[in-house]
Structures are given as structure tokens and as C-alpha cells.
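The values are calculated or read from the model by the stated rules, or taken from the named source; none is laboratory data. Because the structure is a prediction, the values reported are computed rather than measured. Cβ sites come from the backbone with ideal geometry, for glycine too, and all protein chains shown count toward neighbours.
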Amino acid sequence: MANYIHVPPGSPEVPKLDVTVQDQEEQRCREGALRLLQHLRPHWDPQEVTLQLFTDGITNKLIGCYVGNTMEDVVLVRIYGNKTELLVDRDEEVKSFRVLQAHGCAPQLYCTFNNGLCYEFIQGEALDPKHVCNPAIFRLIARQLAKIHAIHAHNGWIPKSNLWLKMGKYFSLIPTGFADEDLNKRFLSDIPSSQILQEEMTWMKEILSNLGSPVVLCHNDLLCKNIIYNEKQGRYLTLAVSRDDFFVLDGSLIFVSNLIQMQGWKTYMKSLKIFF
């Protein structure tokens with residue numbers, strides 16, 4: 001059994017640049033981004049580079065870098081959020097990126113740097129809940145989800161879920177209290193106790209582990225804004241930290257109503273026959 005991701009042989013290596021991009025001040029952020037572009041787009045005139053901040057990120061800061069009036073060639077600079085390395089294994093994230101890229105399920109990864117990574121900008125629209133209720137779009141999502149789930153990224157090993165290992169790690173990060181009196185009062189009143197959360201996780205583990213749900217390479221973060229839809233090309237691409245998990249977890253995040261679940265899973269199962 002294996003819960004690590006194996007990058008396909010022949011996949012291009014990803015350069016690691018010794019650059020730190022500061023995101024607290026606009027000028028320092030620009031300086032860091034331009035240092036990256038010296039390697040990635042050496043022909044660009046630094047004076048002509050435009051930086052555009054994308055605001056949909058929750059934990060990371062995402063900046064688009066381009067020259068000219070059109071966004072034909074855009075380098076995305078993703079700056080990791082503070083202490084997000086406690087939640088995300090960055091080495092595994094890069095491996096996931098490379099695996100998905102090798103199968104046409106992710107944009108091109110240009111490089112990593114000390115506190116982030118750079119990759120290709122995909123033209124399209126970040127979805128919202130009303131989009132995923134559109135049959136044409138949620139069926140497209142179902143087909144792409146089946147394609148990701150069909151990827152064999154374990155060099156012949158049988159994958160196993162690391163969901164409970166991750167959940168255990170998250171539990172270890174839960175504070176017991178805060179020095180700030182108001183914050184601590186809110187924490188104790190609004191957040192269930194560690195014991196209650198542990199009991200809920202034990203219940204989930206018992207239920208999910210006995211469902212017989214196949215363990216596959218999952219997306220694991222199918223928020224609407226993580227899905228980029230290109231209407232002209234009739235496709236979508238999405239990016240997240242993939243890892244092995246029960247395949248139903250992905251669908252439950254995006255197929256939110258009973259009707260959409262039934263139709264979405266029907267398309268998904270038909271697509272699996274194509275990719276497997």
C-alpha cells in the first residue's frame with residue numbers, strides 16, 4: 001500500500017529559485033516578482049511588467065504578471081499564506097502538480113521559490129455556485145473528475161487514504177485556548193470541544209472506512225473558485241493539493257443537490273469507463 005505520489009518518468013524537472021517574495025508591501029512584492037521573471041521571462045522589460053492581484057484566494061496570495069494590454073502570456077505567482085506549511089506538504093503539492101500536468105489536468109508549472117510557486121495562467125472564468133448547477137458545466141466537471149481519479153500515480157502500488165493521518169495532524173494543531181480574553185471566550189463558545197470533534201471524526205472514520213469506496217487520486221479542494229472554466233474551449237482546469245482519498249469526497253464537495261448528484265455521478269461513471 002502507498003500514500004505517496006510518484007511522478008511519471010520523463011516529467012520535466014521544476015527549477016527551485018532562491019527568491020522570497022514579500023507580500024506585505026506592494027513595492028517589495030513587485031521586486032520579488034521581477035526577480036522571478038528574470039529567470040522565467042528574461043526578454044520582458046521590467047518597466048513594462050504589470051502586476052494584477054487576484055482576490056479570490058483564501059490562504060494564498062495570487063498575482064498575475066504580464067506585459068502589454070492583453071493577458072496573452074501571464075505568469076501566475078502564488079505566495080503561500082503564513083504558516084500554511086503546517087497544513088500542506090509543499091513537496092507533495094509540487095509532485096501532485098507535476099502528475100496532473102503530465103496528464104493534461106493542470107497548467108504548466110514554471111518554478112518553485114522559497115515561499116511559493118509560479119505557473120501558467122489559464123484563460124477562463126472562476127466558477128461560482130450558480131455555474132455548477134448548469135448541466136453542461138457540472139457534467140464537464142464530472143468527466144474531468146473521472147480523468148483525475150483514473151490517474152495511476154503510485155508506480156504499481158495500491159493507494160491508501162491518508163485522510164485520517166491528515167485529520168490527526170490537524171487535530172494536533174488545535175489550540176487549547178488564547179491569551180486574549182475576548183478571543184478565548186469566542187473560541188470556547190463557538191467551537192466544539194476537542195473531545196466532541198474527536199468523537200465526530202471517529203464516527204466518520206467508521207462510516208467511510210466501511211463503505212468500500214475506492215481510494216483514488218483526489219482533488220481534495222473542489223471549491224467553485226478553484227475551477228476555471230473556458231467556455232470557448234469547452235473545458236475546465238483546476239488546481240489543488242491532490243492526494244489519495246475516497247473518491248466520494250470529491251463529488252460531495254461539488255455535486256451539492258440530490259438531482260445534481262444523480263446526474264453528475266451518472267456522467268462520472270460513464271467517463272470512468274473511458275479513462276480506465
Discussion item. Which count do you get for residues in the stretch 200-209 that are surrounded by 13 or more Cβ atoms within 10 Å (Cβ to Cβ), of a type outside the set (A, V, I, L, M) and either touching a Gly at 6+ places or on another chain (Cβ under 6 Å) or free of Cβ contacts under 8 Å to residues at least 40 places away in the same chain (or both)?
Written reply: 1
Worksheet entry | Residues being farther than 19 Å from Pro107 by Cα, surrounded by 15 or more Cβ atoms within 10 Å (Cβ to Cβ) and not aliphatic (A, V, I, L, M) - total across the stretch 49-83 | 1
Worksheet entry | Candidate set: the stretch 90-121, residues that are free of Cβ contacts under 8 Å to residues at least 60 places away in the same chain and among the charged types (D, E, K, R); chosen: the one farthest from Asp18 (Cα to Cα) | Glu120
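Residue-wise test of (1) surrounded by 12 or more Cβ atoms within 10 Å (Cβ to Cβ); (2) at pLDDT 90 or above; (3) not small (Gly, Ala, Ser).
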residue	(1), (2), (3)
Asn184	yes, yes, yes
Phe187	yes, yes, yes
Gln198	yes, yes, yes
Leu211	no, no, yes
Val216	yes, no, yes
Asn220	yes, no, yes
Cys224	yes, no, yes
Asn230	yes, no, yes
Discussion item. Going by what's in this entry, would Leu34 be described as assigned by TED's automatic domain parsing to the domain that holds Glu72, farther than 23 Å from Arg98 by Cβ and within 22 Å of the chain's Cα centre (by Cα)?
Written reply: no
Discussion item. With the structure loaded, tell me whether Leu145 is in contact with a strand residue (DSSP E or B) (Cβ under 7 Å, 6 or more places away or on another chain) and touching a residue at least 40 places away in the same chain (Cβ under 8 Å) or whether it fails that test.
Written reply: no
Discussion item. Of all residues being among the small types (Gly, Ala, Ser) and out of contact with any helix residue (DSSP H, G or I) (no Cβ under 6 Å at 6 or more places or on another chain) in the stretch 130-172, which is farthest from His6 (Cα to Cα)? Just the residue, please.
Written reply: Ala136
Worksheet, complete the sentence: Condition set under 13 Å from the mean Cα position of the chain (by Cα) and in a loop (DSSP other than H, G, I, E, B), scope the stretch 71-121, selection modelled with the highest pLDDT: answer is Tyr80
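State the number of residues belonging to the stretch 122-139 that are surrounded by fewer than 20 Cβ atoms within 10 Å (Cβ to Cβ) and touching a residue at least 12 places away in the same chain (Cβ under 8 Å).
Of the residues in the stretch 122-139, 12 are surrounded by fewer than 20 Cβ atoms within 10 Å (Cβ to Cβ) and touching a residue at least 12 places away in the same chain (Cβ under 8 Å).
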Worksheet entry | Filtered residue count, the stretch 1-28, keeping only those that are over 12 Å from Gly116 (Cα atoms), modelled with pLDDT of 90 or more and over 23 Å from the mean Cα position of the chain (by Cα) | 2
